[in-house]
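J.: First the structure, which I've put down as structure tokens, then a few questions once you've had a look.
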Amino acid sequence: MEQVKHRPWRRWVLLGLLIVGYILGGRFVPVQPEITVAPEKLIEEPLFTLPVIGDFYLVNTMPTLILTVILLMIFAYAVNRSLKKSAQTDLVPRGIGNATEAILEVIYNMTEGAAGKWVRTVFPWFATIMIYVLFANLLKLLPGFESIGVLHHVAPGHEGHAKELLAGNWYLFTAEEGEYILAPFFRGISVDLNFTFALALIAVVAVQVVGFRAQGIGYLSKFFNTRRMFNVPFFGAMDFLVGLLELISEISKILSFAFRLFGNMFAGIVLVAIVAGLLGKFSILPAMVMMFELFVGIIQAFVFGMLTMVFMAQATQGHGEEHAEH
Amino acid sequence: MTQSEQKGRSILTNVLIVIIGQVGCLTLVVILVSVLLGLWLDGVFGTKPVITLALLFAGIPVSVLVMLGVARKTLARLKENVEKESQTS
């Protein structure tokens, strides 16, 4: 049989891209962007004002939110079409339908292992949160995110950059000091504490809802444990205190969920900004950090979804039976 | 679901919480430590930003390896407990 000769062309493309990156890195000097914890305002005037809370601005994570939801809908439509097409042919899923089915099957089995008969209640939460956070984390790695936006005058006391005309009313930053900073059009939504807090609140409230559905009012005994209060007073009091600690730990779950995702993703954009700002000329180094960000983004999406699932699974497991047994 | 199955599942969920909680924070902790240590050393030796960047790049593979180490060690201990439990019951 004639041996098909594979020509390793990909490595030459990669080498070419590195050289082009080095040349472009020299011509368009990478500039250290302004790193802010809060998302930047795209328009100075507030969108609307609520009596107590105050002004609401159009911040640059909102376009990303809409973009993420649109991409999720396209993804869902593509998977659905792919599975429908394969159902009509030979029942063998291909392409995006096959890949998604494989991943969801792994997650479903994981959920079944931890949640047992409550898998049908817990699994949708796990998959939804994980896919949504995964899209949010990976979307922010696209080129053009956090690098194309609106120019603002720099606040006094902050470092700004000079600008040079590119074309029309499009400008480029130059390395010299100046009075402009950039508010990017798109900023990753997982780098916005509002998003991570909202998701954390939803997840923890959902855990309580699943707990009540599984154990009814008995779920409250996890927080207000008065079962042994009268026959074994000392241990009963200890149980009661442990119950109160459980209440505090539920609240701390919101903080841990929110700050874990936000912290990792914010550290990511700081990392990319520092490395690209200082070593942008050697485009392989920022590319390495972006690869690490890809890895952290996937891990954090999985961690957020998996922890939600495991807490829900734990909420379905009653504590009552074991005590009754002693 | 029998008593021992429920107990086994309860142990599994607690172990999963420990592993995932740790794994989720390790990348952040390792990167933060390497950046802060680098900034401090740069301040001491006046070599800004060389040491910071060097530790930053060293922190990336270290955080991945530490994460894998924690996950594998905890899973190995979990498997050991499950085997010990199945031998005794």
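The values are calculated or read from the model by the stated rules, or taken from the named source; none is laboratory data. Since the model is a prediction, treat every value here as computed from it, not as a measurement. Glycine also receives a Cβ, built like all others from the backbone with ideal geometry; neighbour counts cover every protein chain displayed. Surface accessibility is based on the protein's heavy atoms, side chains included, excluding ligands, DNA and RNA. Shrake-Rupley method; radii C 1.70, N 1.55, O 1.52, S 1.80 Å.
J.: Got a sec? Which residues of the range B:28-72 lose 30 Å² or more of accessible surface with every protein chain in place, vs. that chain alone, 1.4 Å probe?
T.: Buried on complex formation: B:Leu28, B:Ile31, B:Leu53, B:Leu56, B:Phe57, B:Ile60, B:Val64, B:Met67.
J.: Hey, can you find the accessible area per residue of the protein assembly as shown for me, probe 1.4 Å, expressed in square angstrom?
T.: 59 Å²
J.: Could you tell me which of the pairs A:Lys281/B:Lys73; A:Lys117/B:Lys79; A:Lys222/B:Lys73; A:Lys140/A:Lys163; A:Lys41/B:Lys48 are separated by over 29 angstrom between their Cα atoms in the structure shown?
T.: Working: A:Lys281/B:Lys73 40 Å; A:Lys117/B:Lys79 23 Å; A:Lys222/B:Lys73 31 Å; A:Lys140/A:Lys163 25 Å; A:Lys41/B:Lys48 32 Å.
The answer is A:Lys281/B:Lys73; A:Lys222/B:Lys73; A:Lys41/B:Lys48.
J.: Counting pairs of alpha carbon atoms under 8 Å apart in space and at least six apart in sequence, what relative contact order in percent does the range B:32-76 give?
T.: Details: 28 pairs, mean separation 14.6, N = 45.
Relative CO of the range B:32-76 lands at 32 percent.
J.: Per 0.36 nm of contour for each residue apart, how much would the distance between A:Phe234 and A:Thr89 grow if the chain were fully extended, relative to their Cα-Cα spacing? Working shown, then result.
T.: Details: separation 145, 0.36 × 145 = 52.20 nm, distance 6.80 nm.
Between A:Phe234 and A:Thr89, full extension yields an extra 45.4 nm.
J.: Taking the Cα centre of the protein assembly as shown as origin, work out the dipole magnitude from +1 charges on Lys and Arg Cβ and -1 charges on Asp and Glu Cβ, in debye rounded to 20.
T.: In debye, rounded to 20, the protein assembly as shown gives about 1200.
J.: Sort out the exposed loop GluC sites (Glu not before Pro) in chain A (DSSP loop, at most 16 other Cβ within 10 Å) and tell me the longest stretch that has none. List each step's numbers first, then the result.
T.: Values: sites that count: A:Glu2, A:Glu44, A:Glu159, A:Glu179.
Longest site-free region, per DSSP loop and neighbour criteria: A:180-326.
J.: May I pose another question? Leaving out ligands, DNA and RNA, and with a 1.4 Å probe, what % of the accessible surface on chain A is carbon or sulfur? Walk me through the numbers on the way to the answer.
T.: Details: 13380 of 18890 Å².
Summing carbon and sulfur atoms, their accessible area is 71 percent of the total for chain A.
J.: Mind listing, in residue-number order, the residues in the range A:260-279 that have at least 10 Å² less accessible area with every protein chain present than in their own chain alone (1.4 Å probe)?
T.: A:Arg260, A:Gly263, A:Asn264, A:Ala267, A:Leu271, A:Ile274, A:Val275, A:Leu278, A:Leu279
J.: Of the accessible area of the range B:23-63, with the probe set at 1.4 angstrom, what percent is carbon plus sulfur?
T.: Carbon and sulfur together cover 87 percent of it.
J.: Could you tell me the center-to-center distance, by alpha carbons, between the range A:53-90 and the range B:1-71 in angstrom?
T.: 32 Å
J.: Here is a follow-up. Interface B/A, total buried accessible area with a 1.4 Å probe, nearest 100 Å²?
T.: Numbers: alone 6840 and 20110 Å², together 24430 Å².
Separately minus together, B and A give about 2500 Å² buried.
J.: How tilted is helix A:284-316 with respect to the longest principal axis of chain A? Cα atoms for both, answer in degrees (0 to 90, nearest 10).
T.: 20 degrees
J.: Using the charge dipole of the protein assembly as shown (Lys, Arg: +1 at Cβ; Asp, Glu: -1 at Cβ; taken about the Cα centre), state which of B:Val35, A:Phe173, A:Ser283 has its Cα farthest towards the positive end.
T.: A:Ser283
J.: While we're on this one: Loop-only chymotrypsin sites (Phe, Trp or Tyr not before Pro) in the range A:102-142, please: DSSP not H, G, I, E or B, and at most 11 other Cβ atoms within 10 Å.
T.: Numbers: sites: A:Tyr108, A:Trp118, A:Trp125, A:Phe126, A:Tyr132, A:Phe135; in loops: none.
Here no chymotrypsin sites (Phe, Trp or Tyr not before Pro) fit, given the DSSP loop and packing criteria.
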